[in-house]
1. Tell me the helices (runs of 4 or more DSSP H) entirely within segment C:113-196 that contain at least 1 residues that are within 14 Å of chain B (Cβ to nearest Cβ), surrounded by 23 or more Cβ atoms within 10 Å (Cβ to Cβ) and not small (G, A, S).
2. Take A:K59 and tell me if it is closer than 21 Å to A:G19 by Cα and not in a strand (DSSP E or B).
3. Among the candidates C:A133, C:A122, C:A81, which residue alone is touching a Leu at 6+ places or on another chain (Cβ under 6 Å) and modelled with pLDDT under 95?
4. What's the total number of residues in segment C:34-69 that are within 12 Å of another protein chain (Cβ to nearest Cβ) and under 21 Å from C:F170 (Cβ atoms)?
5. Could you tell me which residue of segment C:102-112 is nearest to A:M166 (Cα to Cα), considering only residues that are surrounded by fewer than 23 Cβ atoms within 10 Å (Cβ to Cβ) and not small (G, A, S)?
6. Here are some residues: A:F167, A:F172. Which one is under 16 Å from A:V36 (Cβ atoms), assigned to a loop (DSSP other than H, G, I, E, B), in contact with a helix residue (DSSP H, G or I) (Cβ under 6 Å, 6 or more places away or on another chain) and not basic (K, R)?
7. What pairs come out if I take residues in segment A:231-247 that are closer than 17 Å to A:D220 by Cα and pair them with residues that are assigned to a helix (DSSP H, G or I) and not charged (D, E, K, R) whose C-beta lies under 6 Å away, six or more apart or interchain?
8. Only one residue in A:V65, A:V39, A:V72 is assigned by TED's automatic domain parsing to the domain that holds A:F172 and touching a Phe, Trp or Tyr at 6+ places or on another chain (Cβ under 9 Å). Which one?
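The values are calculated or read from the model by the stated rules, or taken from the named source; none is laboratory data. These numbers were taken from a predicted model, which means no experiment stands behind them. Neighbour counts are summed over all protein chains in view; Cβ atoms, including those assigned to glycine, are modelled from backbone coordinates with ideal geometry.
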Amino acid sequence: MTESSDIAISLKRVTVRLGGRTILEDLDLDIPAGQVTAVMGPSGAGKTTVLRLVTGQLKPDSGEVWIGETRVDQLGGKALGRLRRNIGVLLQNGALFTDLTSFDNVALPLREHTRLSESLIRRIVLMKLEMVGLRGAAQLYPSELSGGMKRRVATARAMALDPGIMFYDEPFAGLDPISLGVSLRLIRDINAALGTTSVVITHDVREVAKLADHACIIADRKLVATGTPDELAASADPLVRQFMQGEPDGPVPFHYPARALDEELMRRGEGR
Amino acid sequence: MKSSHQIELTAGIFLLLAIAALVFLALHATDRGVVSGESYEVTARFSNVGGLTPRATVSMGGVAIGMVEAIELDPETFEARVTMRISRAYDNLPDDTSASILTSGILGDQYVGLEPGGSPEVLQDGDRILITSSAMVLEQLISRYMFNSEDGQGEE
Amino acid sequence: MSNATSHTGMTAPLRELGRAGLFLLTAFSRMRFGPRQLAEILRQVYFAGVRSLVIIVICGFFVGLVLTLQTYDTLTRFGAADAVSTVLALSLFRELGPVLAALLFAGRAGTSITAEIGLMRATEQLDALDLMAIDPMERIVQPRLLAGLIALPALVLIFNLTAIVGGIFFAVFLMGSDPISFWANMQSSVELMRDFGGGMFKSVCFGFVAAWLAVWFGWSARPTSEGVALATTQTVIATAIAVLVLDFILSAFML
């Protein structure tokens, strides 16, 4: 394990069970500070669960969740609120408030958590919107924006308070190639300009190669591999290779822990 | 979408309208009761109160000056004791004022009508009105008429 | 919160009631007032109240009209047409105003509150608030609860007023009753605290219950379009039942 000062987020032997199903088991995960880290894995592998653990929305059944020197899973109430102000989250579809304009959406966290004057808030909001290229859309309502633009406004809202950590939950899902390029550049820009720790939750292997400094793969309830995208691409591990190459036929059960198909078929044959 | 200023303004107008409706209905559609300010109590005994109910009007010369507070049966004399609350504005009623239970119209509500006497003394809080006349009960009137009986002068 | 509990067995409605009650307690325990909160309440008064105004005024007018028509017809048979304003005012203030306005409120404002909060849940807006360290209870739930508490009594007052206007329209303009005796009869038979005040107390209670149920069904809706549609239906049904049951209980206590 590296020095703790280089590690922004750390999950230690975390186990999560939901509704009788084990989502994560003894997961150890370190996310380096100031870099773009991709958390990858097949659908339903618990990537979003990692996000909910780090923001304190979900408490682990066992194990520890650390952000810097703070233990998240033991926080409550006000302390958790303070912690969340330092985390910006872009949810899958942006989750903008439909009854507020783009401007008011971005201004909301500022008005709620700071005592800045309205003119100062206006400047900050316009700067954030400028950063995502949507200053011209400040007075538009979310219903007047395209899906990609909504996510950009939501990105501006997520970084309104200049958080130390930014989470992007499936930022590329359902985007056209142009919006995708915009999103990729935006995540890099924000990371470079603000020095934030960025965590991108995705199953999009090709985009990760262009974007991330660091990547890890969660599958089968635990961390399977970690390293730079190049390292992962060059990995000899058949499981990692299967995922990185997107091979449909691989050695490891990615989908759900299950008996081998032929074994199951044999059993049914026996039962008859 | 309306701007937030317009929304707040409209909501304000709406609430103002509701308050206006409240004031209007409270003032013009309801009986605030004659006795809203200071008042004093007097009692009177009747052999029969008929259909008199609590909160019935107490009036003098047709003007409402108070209301009936309570009606109880005196356990010793078996008379009905009517407690009336009269507005302080009329605190100079003579102490020989008489009270009778009357009906407004043929089928209307029953009320207590006061008739001033000539005494220089005035009724005080808690005083009792001595001269009373009971309610006319329709059956008694009819039977008196039919049998031309001589008992029951109406006054007790 | 709890959307995925199976609704089986006899205890399901009771558990639902318990959850709705805990939800209400949580909402009130985190009550906070500030200028921004008051502005938000006023905004919600607009959405719940002003937007229900048209239906309230139209229905109020016709309720007054038909009520007067029916009682006028009945009372003239007994030669007591004068009492029409008494019947109108008493039945409006004590029962019809609060109950009918609450039912209309559930249909107009209650459903839109439920749908709005349900959609916020479905589109992760409530999660987003939570992640921004903004309490959705304080930001979304409380203003709507308090707005219902304010808006319904206001609507009841306007409903009663328009219904009396409807009654006057029928009795005075169509039937030629004397407007002065119309008012005088009403005034002498309606008691401020007991009849009028009692009705207003009822409407505050109904406003509270209607807003609570609307917010709760939105909050607990399954985050899908079917879930939101179901929740709006449930809001109307539950509010109608709750208002009528509560009306009986309150009336029994007040008489």
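1. Details: elements: C:125-131, C:142-168, C:179-189.
Output list reads C:142-168, C:179-189.
2. On the way: closer than 21 Å to A:G19 by Cα: yes; not in a strand (DSSP E or B): yes.
Yes, satisfied.
3. Details: C:A133 fails: touching a Leu at 6+ places or on another chain (Cβ under 6 Å); C:A122 fails: touching a Leu at 6+ places or on another chain (Cβ under 6 Å).
Only one candidate passes the filter, namely C:A81.
4. Going through segment C:34-69 one residue at a time, the tally reaches 3.
5. Step one: of segment C:102-112, the residues surrounded by fewer than 23 Cβ atoms within 10 Å (Cβ to Cβ) are C:103-104, C:107-108, C:111-112.
Next cut, not small (G, A, S) only: C:103-104, C:108, C:111.
Working: C:L103: 47, C:L104: 46, C:R108: 41, C:T111: 36 Å.
Of everything passing the filter in segment C:102-112, C:T111 is nearest to A:M166 (Cα to Cα).
6. Working: A:F167 fails: assigned to a loop (DSSP other than H, G, I, E, B).
One residue alone meets the criteria, A:F172.
7. Taking only residues 6 or more apart or on different chains, the pairs are A:V240/A:L232; A:M244/A:V205; A:M244/A:L232; A:M244/A:A233.
8. Details: A:V65 fails: touching a Phe, Trp or Tyr at 6+ places or on another chain (Cβ under 9 Å); A:V39 fails: touching a Phe, Trp or Tyr at 6+ places or on another chain (Cβ under 9 Å).
From the options A:V65, A:V39, A:V72, the qualifying one is A:V72.
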